[in-house]
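Here is the structure we will look at.
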Amino acid sequence: MGRLAASCDYESLRNARISENQARLASLGLEKTVSELRTIATPPKSEKTPVRKYCKKVFICTSLRRSDRLKGNSGDLLSKSHCLRYSERLRAKSGNSVLSRKVFCTSKLNRRILNYGEEEDEAKRPANAPLLNVDTTKLRPSPDVLSRRCHSKDRGSVYDPIFGICCHFCRQKKLCGEEDCKRCGDLDMDEPCLGKTDCSVCHSSNGVLCRGCLKVRYGEEMEEVRENKEWMCPHCIEEKGINPYWICNSSFCMKKRKMVPTGIAIFRAREAGYKSVAHLLMDKLQNSAKRTKR
């Protein structure tokens, strides 16, 4: 009986609280249900929403740029100070020879007048002497920094993101440690870097190697490469098939071949009696090729 009386008291209190809340909502004008509010907010389907008129905005007040043809200036355009650029096909039709056009090279290294198709190979700039159009007087390193340049001859001691030449293997843009290098010492942009190699065939960044990477990764000395005017990078040697299984073991090239990069493998190569990492890798490729043939 006690429980029944308690439940009746709770129900009566609950109903009284509900009626009190409803009366309060009615006094505030919030007795409308959600469905009624939605019907008020959404317009009927019969009514069409008004279409806004398009108004073009003009942000600038200057005159529009028009071509000479639309302006009506159909005079002799060739008589102007600038000459038109034509393709080789149109140049042949107009009678202007392609080989008669000259190319003027502003660099000291390439300062010569060339005919198209005649001496282009002679004007090819080496990869260890990239041309930079910068003011060396403003961006020149301090004398203290340049004095530390020759402390390490292998890769150089000074990192310079502007004047440094990137090695293909270690990717360090350092000024070389060669004492007589005019490129890194005097910042002469028309001189090649003596501490970086240059392939005689491709003249690309693939053949730019510093002294340390050249010796450790490929077993060659910089003095020998400098004396050999026909030195080729491992990429060109592989393409021409001069030395079988002789490949570039940089991480970029190894990943392109879907091979695992060698990492610091010079200690393992020297313990096994190899001259460099490239010789170790070449022997491994030869042994794997012999196994597959069997």
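The values are calculated or read from the model by the stated rules, or taken from the named source; none is laboratory data. Remember, it's a predicted structure, so these values are computed and weren't measured experimentally. When we count neighbours, we look across all protein chains shown, and the Cβ atoms used for this are built from the backbone with ideal geometry, even at glycine.
Tell me which residues, restricted to the stretch 170-191, are surrounded by 20 or more Cβ atoms within 10 Å (Cβ to Cβ) and under 18 Å from residue 214 (Cβ atoms). Talk me through it step by step, then tell me what you get.
At the first step, the residues of the stretch 170-191 found to be surrounded by 20 or more Cβ atoms within 10 Å (Cβ to Cβ) are 174-178, 181, 183-184, 187.
If the condition is that a residue be surrounded by 20 or more Cβ atoms within 10 Å (Cβ to Cβ) and under 18 Å from residue 214 (Cβ atoms), then 174, 175, 176, 177, 178, 181, 183, 184 are the ones that fit.
Let's see how each residue does on (1) farther than 29 Å from residue 253 by Cβ; (2) part of a loop (DSSP other than H, G, I, E, B); (3) in contact with a His (Cβ under 8 Å, 6 or more places away or on another chain); (4) at pLDDT 85 or above:
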position	(1), (2), (3), (4)
114	yes, no, no, no
117	yes, yes, no, no
121	no, yes, no, no
124	no, yes, yes, no
127	no, yes, yes, yes
137	yes, no, no, no
162	no, yes, no, yes
170	no, yes, no, yes
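I'm checking my understanding of the structure. Among residues of the stretch 218-254 that are in a helix (DSSP H, G or I) and touching a Leu at 6+ places or on another chain (Cβ under 8 Å), which one is nearest to residue 195 (Cα to Cα)? Spell out the reasoning first.
At the first step, the residues of the stretch 218-254 found to be in a helix (DSSP H, G or I) are 218, 222-227, 234-240, 251-254.
This time we only want the ones that are touching a Leu at 6+ places or on another chain (Cβ under 8 Å), so: 218, 222, 225-226.
On the way: 218: 16, 222: 7, 225: 11, 226: 9 Å.
Ranking the qualifying residues of the stretch 218-254, first place goes to 222.
Restricting the first residue to the stretch 233-250 and requiring it to be over 20 Å from residue 265 (Cβ atoms) and modelled with pLDDT under 85, which pairs with a second residue that is surrounded by 17 or more Cβ atoms within 10 Å (Cβ to Cβ) and among the hydroxyl-bearing types (Ser, Thr, Tyr) meet a Cβ separation below 7 Å and a spacing of at least six or different chains?
Within 7 Å, no pair qualifies.
Which one of these is in a loop (DSSP other than H, G, I, E, B), more than 23 Å from the chain's Cα centre (by Cα), over 24 Å from residue 261 (Cβ atoms) and without any contact (Cβ under 8 Å) to a residue 24 or more places away in the chain: 144, 188?
Working: 144 fails: in a loop (DSSP other than H, G, I, E, B).
Selected residue: 188, the only one of 144, 188 that is in a loop (DSSP other than H, G, I, E, B), more than 23 Å from the chain's Cα centre (by Cα), over 24 Å from residue 261 (Cβ atoms) and without any contact (Cβ under 8 Å) to a residue 24 or more places away in the chain.
I need the full set of residues from the stretch 204-221 which are surrounded by fewer than 18 Cβ atoms within 10 Å (Cβ to Cβ) and either of a type in the set (Ser, Thr, Tyr) or out of contact with any helix residue (DSSP H, G or I) (no Cβ under 8 Å at 6 or more places or on another chain) (or both), in order please.
First, the residues of the stretch 204-221 that are surrounded by fewer than 18 Cβ atoms within 10 Å (Cβ to Cβ): 204-205, 215, 219, 221.
Within the stretch 204-221, 204, 205 meet the criteria.
List the number of the failed condition for residue 219; all other conditions in (1) of a type in the set (Gly, Ala, Ser); (2) modelled with pLDDT of 90 or more; (3) more than 25 Å from residue 271 (Cα to Cα) hold.
The number of the failed condition is (3).
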